[in-house]
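Note sheet for the following structure.
The values are calculated or read from the model by the stated rules, or taken from the named source; none is laboratory data. In this text the structure is predicted, and so the values were computed from the model without any measurement. Using ideal geometry, Cβ is built from the backbone for each residue, glycine included, and neighbour counts are taken over all protein chains shown. For accessibility, only protein heavy atoms count, side chains too; no ligands or nucleic acids. Shrake-Rupley method; radii C 1.70, N 1.55, O 1.52, S 1.80 Å.
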Amino acid sequence: MGSNIETLPPGTGPISPKQIAFASASFLLGLWTFRTVNAISGPQFEPIIAACTDPSIAIEEFAAKTGYHVYEPRVGLQVFNFLVCLITQFLFELRQTPPAGLLVWCGIIVVVPTYSIFATVEAARHGARGPIRYPMIFGMLGQLIGISVTVPLLWVPSYILGGGTGPVHPARSYLSVLLCLPTLLLTVVVFTADVDGSLWTTSAGILGGPGLVLCGAALWPVPAAPASPSPDYVRASAQAIRTAYRIAAAVAAVGYLYLLRIAHAEYGWDVSALWRAVWTEAGSSVAFMTVDTIVLYVGVLSYVACRSGAGVVKAALLTPFVGPAAASLVLAELEEKRGKEKEL
């Protein structure tokens, strides 16, 4: 696969068969994921959605009349109240299913920072065109249909067919890391706070509502990179992106080791027991998140593959040892190579 298969800059030529093949494969993975997670969650989610969208049930009476957990409508901004209601029930089931619920939710949480960084960075590359330029839209779609569906179905093909080149403003890379903090902190609250308290209910609602996506507006004031950046600008941009990936790698590695410790404490070396807990004998929310975590990481590796065939092999080989940190470490290395090439 050569050193990379990134999209051609606008106007330089037609899209290659290799790009079409990669985009199509990713799109099909997204379709399969959408079908799979809906088959898993549909029977459970349908009555919840019906309850969450029933206008005859007052918020104050929701728990008493439906038997579901109370939710915080204020964080749904009215338009997304049903989504806040749904994710609250979803997270409540995960919290009630220890340690499998914690393992699968935190599994995806340690992957998300890497995706967040490259989605934020690639949106601002010179020549980027099409949907890839709007990461907040992808973020909202991730909340609505699931991030494991959105990334392979839409983001990866958009990158392959519309990715740009060149540096981005360093502030954008640093902000991409800071924007991950609310998700990490809210996850801690959701898995430690009293589920009957308002702190837990509000935190659960924010995790699934529009608030986290709207935080992306912090990127709007960041200026675009100049069309003809100086060598110093290119170096500063590459350094910022590498730093962002290395921070994501540190978070992912620590999180991965923590999850391994929890899994070993509960299941020992019995991998089959772990697999039964998160998949074959799991409830719908846990099984949903198992698919979510695996497919999102495959989506991240797909992006690495678009950058470097050797890089994705290296990331895959490192994954058993450092978890999702492998992808971030490889991407940091690739960014260093890209920066050096731009300086030449």
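For region 130-185, name all the residues that are hydroxyl-bearing (S, T, Y) and touching a residue at least 24 places away in the same chain (Cβ under 8 Å).
Within region 130-185, S148, T150, S158, Y159, T165, S173, Y174, S176, T183 qualify.
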(message) For A273, only one of the following conditions fails: (1) touching a Phe, Trp or Tyr at 6+ places or on another chain (Cβ under 7 Å); (2) more than 25 Å from I20 (Cβ to Cβ); (3) buried (at least 16 other Cβ atoms within 10 Å of the Cβ). What is its number?
(response) (3)
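Within region 226-239, is there a residue that is part of a helix (DSSP H, G or I), in contact (Cβ under 8 Å) with a residue 60 or more places away in the chain, more than 13 Å from P170 (Cβ to Cβ) and β-branched (V, I, T)?
Checked region 226-239: no residue is part of a helix (DSSP H, G or I), in contact (Cβ under 8 Å) with a residue 60 or more places away in the chain, more than 13 Å from P170 (Cβ to Cβ) and β-branched (V, I, T).
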(request) Identify, from the list S285, S302, the residue that is of a type in the set (S, T, Y), within 30 Å of T165 (Cβ to Cβ) and either out of contact with any His (no Cβ under 8 Å at 6 or more places or on another chain) or open to solvent by less than 60 Å² (accessible area, probe 1.4 Å) (or both). (result) S302
(message) From the list T202, T165, exactly one residue is among the polar types (S, T, N, Q), open to solvent by 30 Å² or more (accessible area, probe 1.4 Å) and over 22 Å from E72 (Cβ atoms). Which is it?
(response) T165
(request) Kindly indicate which of Y258, Y245 is surrounded by fewer than 20 Cβ atoms within 10 Å (Cβ to Cβ), at pLDDT 95 or above, among the hydroxyl-bearing types (S, T, Y) and assigned to a helix (DSSP H, G or I). (result) Y258
(request) Check off (1) in contact with a Phe, Trp or Tyr (Cβ under 9 Å, 6 or more places away or on another chain); (2) within 21 Å of L86 (Cα to Cα); (3) part of a loop (DSSP other than H, G, I, E, B) for D196 and give me the number that stays unchecked. (result) (1)
(message) I want to confirm something. Restricting to region 52-97 and keeping residues that are more than 10 Å from G205 (Cα to Cα) and hydroxyl-bearing (S, T, Y), which single residue is surrounded by the fewest Cβ atoms within 10 Å (Cβ to Cβ)?
(response) S56
(request) Could you list all residues from region 186-199 that are touching a residue at least 24 places away in the same chain (Cβ under 8 Å) and open to solvent by 30 Å² or more (accessible area, probe 1.4 Å)? (result) F191, S198
(request) Kindly indicate whether V188 is over 23 Å from T88 (Cβ atoms) and out of contact with any strand residue (DSSP E or B) (no Cβ under 6 Å at 6 or more places or on another chain). (result) no
(request) Mind listing just one residue for me: the one in region 24-78 that is of a type in the set (S, T, Y) and outside any loop (DSSP other than H, G, I, E, B) and, of those, nearest to I147 (Cα to Cα)? (result) T33
